[in-house]
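Student: Structure incoming, see below.
The values are calculated or read from the model by the stated rules, or taken from the named source; none is laboratory data. Please read all numbers here as calculations on a predicted model, not as lab measurements. Note that we place each Cβ from the backbone using ideal geometry, even for glycine, and neighbour counts take in every protein chain shown. Note: areas computed on protein heavy atoms with side chains; ligands, DNA, RNA excluded. Shrake-Rupley method; radii C 1.70, N 1.55, O 1.52, S 1.80 Å.
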Amino acid sequence: MTWFALATRATPEGPRATIRVGDAFHDLHDAAAKLGFAAVAGDVTGIVRDWDARRDGLFALARALGAGSGTVAAPQLAAPFEPRRIFAAASNFIEHAEEMQTKLAAKAESEPYIFLKTVESVVGPGATVVVPPQVSRPDWEVELGVVLGRAGKNVAAADAHDLIAGYTIVNDVSARDRTRRTDFPFSHDWFRGKSFDSFTPLGPVFVPRDCLDDPHDIRLGLKVNGEAMQDGNTSAMIFNIYEQIAYLSTILELQAGDLIASGTPAGVGMGRGVFLKDGDVMSAWVDGIGELVNPVSAPHLPRS
């Protein structure tokens, strides 16, 4: 099978859909028109939301492009697509829950804990994560992003695989000092701590489901200024991706274009007592997808 990915690059004329085959980037519209696959072209957001109709043609285009040289050199990538909605799994790795001092019930007595992040918080690779002045403990969380390509309601876990279009990288930037409250009887405020503008770096590419191996055996990690902070494997998830999809589909009808940030492994700043500072650079990586790099701007927090 030919490995390929979809991306969105910035150009003077506006965003352009891009296909990566191996290490080579091609303008999707130009390549599709040249090789007779014009029907698969479009912006990546539209492609994801119409995945069943575009999938086979895109794989055929990738095979036709093969391992040749690319036509786009050093593209400046943006977020690969605009999610319809962003669902995120909390405390979904045992060691991460332990470092956060989160007491979990036995899995048999529990369900996934899912919260929402705003689409407006999404930024792409290379974009600056801007920490607002009211946040003093900004943190990082690398996650495998699961992109849905089909709608589903009350989906069995055994059938959830069919809803997945592909995968990307999510960095669930978190304001640890804003996720908890003492002024209300409700002790946690996930919205306040997770959805500041620029707090959801996404990318660098969208990789189709069939171009990745078992999603429950993928290494992922994150570095800050080149120093390894997280290095885990999706095999350590408490609720696997299929269980998360099944659970969400009992609450609402999932839609093509929805994104699930499936949980983060141990190694976040909160567990170390170390937080992001002005000028830091986060590098989140997932095997088979790539690396998502974002600098941090926090002028009110001194540099390390």
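Student: State which residue is surrounded by the fewest Cβ atoms within 10 Å (Cβ to Cβ) when the search covers only the stretch 135-146 and only residues that are within 17 Å of MET270 (Cα to Cα) and not acidic (Asp, Glu).
Tutor: Filtering the stretch 135-146 for residues that are within 17 Å of MET270 (Cα to Cα) and not acidic (Asp, Glu), the one surrounded by the fewest Cβ atoms within 10 Å (Cβ to Cβ) comes out as SER136.
Rundown of residues vs (1) open to solvent by less than 20 Å² (accessible area, probe 1.4 Å); (2) in contact with an Asp or Glu (Cβ under 9 Å, 6 or more places away or on another chain), yes/no style:
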position: GLY46; (1), (2): no, no
position: THR71; (1), (2): no, yes
position: PRO80; (1), (2): yes, no
position: LYS107; (1), (2): no, no
position: LYS117; (1), (2): yes, yes
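Student: Right, next: Hey, among ASP231, ASP183, ASP172, ASP210, which residue is in contact (Cβ under 8 Å) with a residue 12 or more places away in the chain and open to solvent by 60 Å² or more (accessible area, probe 1.4 Å)?
Tutor: On inspection, the qualifying residue turns out to be ASP231.
Student: Let me ask you something else. Using the structure shown, decide if ILE260 is closer than 21 Å to LYS117 by Cβ and in a loop (DSSP other than H, G, I, E, B).
Tutor: Criteria not met by ILE260.
Student: Further question: Counting only residues that are under 18 Å from ARG209 (Cα atoms) and in a loop (DSSP other than H, G, I, E, B), which one in the stretch 244-257 is most open to solvent (accessible area, probe 1.4 Å)?
Tutor: Taking the candidates together, the pick is GLN255.
Student: Moving on. Restricting to the stretch 213-223, what's the tally of residues that are in contact with a Gly (Cβ under 8 Å, 6 or more places away or on another chain), open to solvent by 10 Å² or more (accessible area, probe 1.4 Å) and in a strand (DSSP E or B)?
Tutor: 1
Student: Have a look at GLY193, GLY203 and point out the one that is surrounded by 13 or more Cβ atoms within 10 Å (Cβ to Cβ), within 18 Å of the chain's Cα centre (by Cα) and without any contact (Cβ under 8 Å) to a residue 24 or more places away in the chain.
Tutor: Result: GLY193 is the single residue among GLY193, GLY203 that is surrounded by 13 or more Cβ atoms within 10 Å (Cβ to Cβ), within 18 Å of the chain's Cα centre (by Cα) and without any contact (Cβ under 8 Å) to a residue 24 or more places away in the chain.
Student: Filter the stretch 266-281 down to residues that are farther than 16 Å from VAL135 by Cβ and assigned to a helix (DSSP H, G or I), then give me how many there are.
Tutor: Residues meeting the conditions: 2.
Student: So, one more: Report the residue count in the stretch 18-41 for those that are surrounded by fewer than 18 Cβ atoms within 10 Å (Cβ to Cβ) and either within 16 Å of PRO204 (Cα to Cα) or within 21 Å of the chain's Cα centre (by Cα) (or both). Even if it seems obvious, please write down each step before you answer.
Tutor: In the first step, residues of the stretch 18-41 are kept if they are surrounded by fewer than 18 Cβ atoms within 10 Å (Cβ to Cβ); the result is 22-24, 29-30, 33-36, 38-39.
This time we only want the ones that are either within 16 Å of PRO204 (Cα to Cα) or within 21 Å of the chain's Cα centre (by Cα) (or both), so: 22-24.
Result for the stretch 18-41: 3.
Student: Is at least one residue of the stretch 279-288 more than 22 Å from GLY166 (Cα to Cα), crowded, with 19+ Cβ neighbours inside 10 Å and touching a residue at least 60 places away in the same chain (Cβ under 8 Å)?
Tutor: yes
Student: Ok, one more. Taking the criterion of being part of a helix (DSSP H, G or I) and β-branched (Val, Ile, Thr), would at least one residue in the stretch 143-150 satisfy it?
Tutor: No.
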